[in-house]
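Chemist: Take this structure first; my questions come after.
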Amino acid sequence: MAEPVVRIPDAKVALSTASVYPESTATAFEIAARLGYDGVEVMVWTDPVSQDIEALRRLSDYHRIPILAVHAPCLLITQRVWSTDPWVKLQRAKAAAEKLGASTVVVHPPFRWQRNYARDFVNGVWRMADETDVRFAVENMYPWRYRDREMLAYAPDWDVTKDDYRHFTVDLSHTATARTDAMQMVDRMGDRLGHVHLADGNGSNKDEHLVPGRGTQPCAELLERLAGSGFDGHVVIEVNTRRAMSSAEREADLAEALAFTRLQLASAVRVPRS
């Protein structure tokens, strides 16, 4: 019988700058470097530093922490960040990723009221992906709910596996909110799964983004599968620390998330003796 060994995939573990909100983008770089993350994913939002390529480059150089991904400004609060034209936003996200050495741009499907954008979104993302080595990884979302009402806020669909994209991002907080089976979604994504937003959730109407292991989502199972399949994308910790009572408590949550992720990515396998 071969002796078991620990195999760790090439996947890097990054910290989303959104995970330190309401603290700043600059704080995220500092925490990521101090805790030993492999890099950061920059959420482009209302913090001016998150929109400034040179400022981001300086932070990356100073803390010696690479920028692995750029999250395009797709949120309601970022409707006017980097233009009001959603295609301009994606072009600028692509340019930022190229200049900063990031391999991935994360993008949400359009809001349903962005009719023209939604109509051409699938083909448009393919065209942009053909222009660059940067991956455009389209992220699963969820229905919006209020009490017993449900609104389909995204088009073509919140379940991005219903459409043809070159790369996907799976977000396990979003699968919780959608009340869908995360592992079945990952199966549908197949080898087009290029990026992971790791967080947890309990199926609330709200997008919870809990520290992995504190909800009902198969965070450990997903990481073990990624380890076994040789996944070479990025695993990004994207959690909500807004309720942290202090900077120390916030940092403890982010340290716990990193430890959980590294532990589950260390997959024990059996290999033949030489």
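The values are calculated or read from the model by the stated rules, or taken from the named source; none is laboratory data. Fair warning: this is a prediction, and the values are worked out from it, not measured in the lab. Please note: Cβ atoms are built from the backbone with ideal geometry, for glycine as well, and neighbour counts cover all protein chains shown. Only protein heavy atoms, including side chains, enter the accessible area calculation; ligands, DNA and RNA are left aside. Shrake-Rupley method; radii C 1.70, N 1.55, O 1.52, S 1.80 Å.
Chemist: Which of the listed residues, PRO212, ALA129, SER60, is farthest toward the dipole's positive end in the chain, when Lys, Arg count +1 and Asp, Glu count -1 at the beta-carbon?
Modeler: ALA129
Chemist: Can you put TRP45, TRP126 in order of accessible area, largest first, using a 1.4 Å probe? Spell out each step's value before the answer.
Modeler: Numbers: TRP45 40, TRP126 75 Å².
Result of the area sort, largest leading: TRP126, TRP45.
Chemist: I need the peptides 25-38, 237-250 ranked by packing, meaning the mean over residues of other C-beta atoms within 10 angstrom, with the highest value on top.
Modeler: On the way: 25-38: 20.4, 237-250: 16.4.
The most tightly packed comes first, giving 25-38, 237-250.
Chemist: Which value at 222 nm does the chain reach when only helices count, each DSSP H run of 4 or more adding -39,500 (n - 2.57), with the total divided by all residues and rounded to the nearest 500 deg cm²/dmol? Don't skip to the answer; put the middle values down first.
Modeler: Working: 9 runs with 96 residues, N = 274.
Per the formula, -10500 deg cm²/dmol.
Chemist: Here's something else I'd like to know. Taking 22 Å as R0, compute the FRET efficiency from the Cβ-Cβ separation of SER246 and LEU35 and round it to 0.05.
Modeler: Numbers: r = 16 Å, r/R0 = 0.72.
It comes out at approximately 0.85.
Chemist: What full-extension length gain, to one decimal in nm, is calculated for ASN205 and GLU221 as 0.36 nm per residue of separation minus the Cα-Cα distance? Don't jump to the answer; show the numbers that get you there.
Modeler: Working: separation 16, 0.36 × 16 = 5.76 nm, distance 2.35 nm.
This chain segment gains 3.4 nm when fully extended.
Chemist: Taking a virtual spin label 7 Å from the Cα of GLN114 along the C-beta vector, which residues in the stretch 77-95 bring their backbone nitrogen under 14 Å of it?
Modeler: What the label zone holds, given the 14 Å backbone N cut-off, is 77-94.
Chemist: At 0.36 nm per residue, and after removing the present C-alpha to C-alpha distance, how many nm does the segment from ASP85 to TRP126 gain when stretched out fully? Walk me through the numbers on the way to the answer.
Modeler: Details: separation 41, 0.36 × 41 = 14.76 nm, distance 1.79 nm.
Additional length available on full extension: 13.0 nm.
Chemist: While we're here: Mind checking the per residue accessible area of the stretch 146-231 for me, 1.4 Å probe, whole number of Å²? Write down the numbers at each step before the final one.
Modeler: Working: 3800 Å² over 86 residues.
On a per-residue basis, the stretch 146-231 sits at 44 Å².
Chemist: Further question on the same structure: Need one number: the % of Cα-Cα pairs in the stretch 2-125 sitting beyond the 26 Å mark.
Modeler: On the way: 2047 of 7626 pairs.
It works out to 27 percent of all Cα pairs.
Chemist: Charges only on Cβ, +1 for Lys and Arg, -1 for Asp and Glu: so what's the dipole of the stretch 185-274 about the Cα centre, in debye to the nearest 20?
Modeler: Value, rounded to 20: 180 debye.
Chemist: With labels modelled as points extended 7 Å from the Cα through the Cβ direction, what inter-label distance (nm, one decimal) is found for ASP157 paired with ALA55?
Modeler: About 3.9 nm separates the two model spin labels.
Chemist: In the chain, if the dipole is taken from +1 on Lys/Arg beta carbons and -1 on Asp/Glu beta carbons about the Cα centre, which of LEU265, GLY36, VAL196 is farthest to the positive end?
Modeler: Towards the positive end, the residue furthest out is VAL196.
Chemist: Percent of accessible area on the chain owned by carbon and sulfur, 1.4 Å probe?
Modeler: On the way: 6320 of 12880 Å².
Within the chain, the accessible surface is 49 percent carbon and sulfur.
Chemist: Dipole size in debye (nearest 20) for the stretch 112-218 around its Cα centre, Lys and Arg Cβ +1, Asp and Glu Cβ -1?
Modeler: Working: 15 positive and 18 negative charges, 81 e Å.
It works out to roughly 380 debye.
Chemist: Can you compute the charge dipole magnitude of the chain about its Cα centre, using +1 on each Lys and Arg Cβ and -1 on each Asp and Glu Cβ, nothing else charged? Give it in debye, rounded to the nearest 20.
Modeler: Details: 33 positive and 38 negative charges, 53 e Å.
That gives the chain a dipole magnitude of about 260 debye.
Chemist: Now for a different question. Please work out whether the chain counts as rounded, prolate or oblate from its C-alpha gyration tensor, where a ≥ b ≥ c are the square roots of the eigenvalues and a/c under 1.5 means rounded, while otherwise a/b larger than b/c means prolate and anything else oblate? Intermediate values should be presented prior to the final figure.
Modeler: On the way: a/c = 1.35, a/b = 1.20, b/c = 1.12.
Rounded shape, in that the Cα axes give a/c under 1.5.
Chemist: For the peptides 100-112, 137-149, what is the packing order when you average, over each peptide's residues, the other Cβ atoms within 10 Å and list the highest mean first?
Modeler: Values: 100-112: 22.3, 137-149: 17.1.
The packing order, highest mean first, is 100-112, 137-149.
Chemist: Given a Förster distance of 45 Å, report the FRET efficiency between ASP164 and ARG64 from their Cβ-Cβ distance, rounded to the nearest 0.05. Display every interim value, and only then the final one.
Modeler: Working: r = 39 Å, r/R0 = 0.86.
Calculated value: 0.70.
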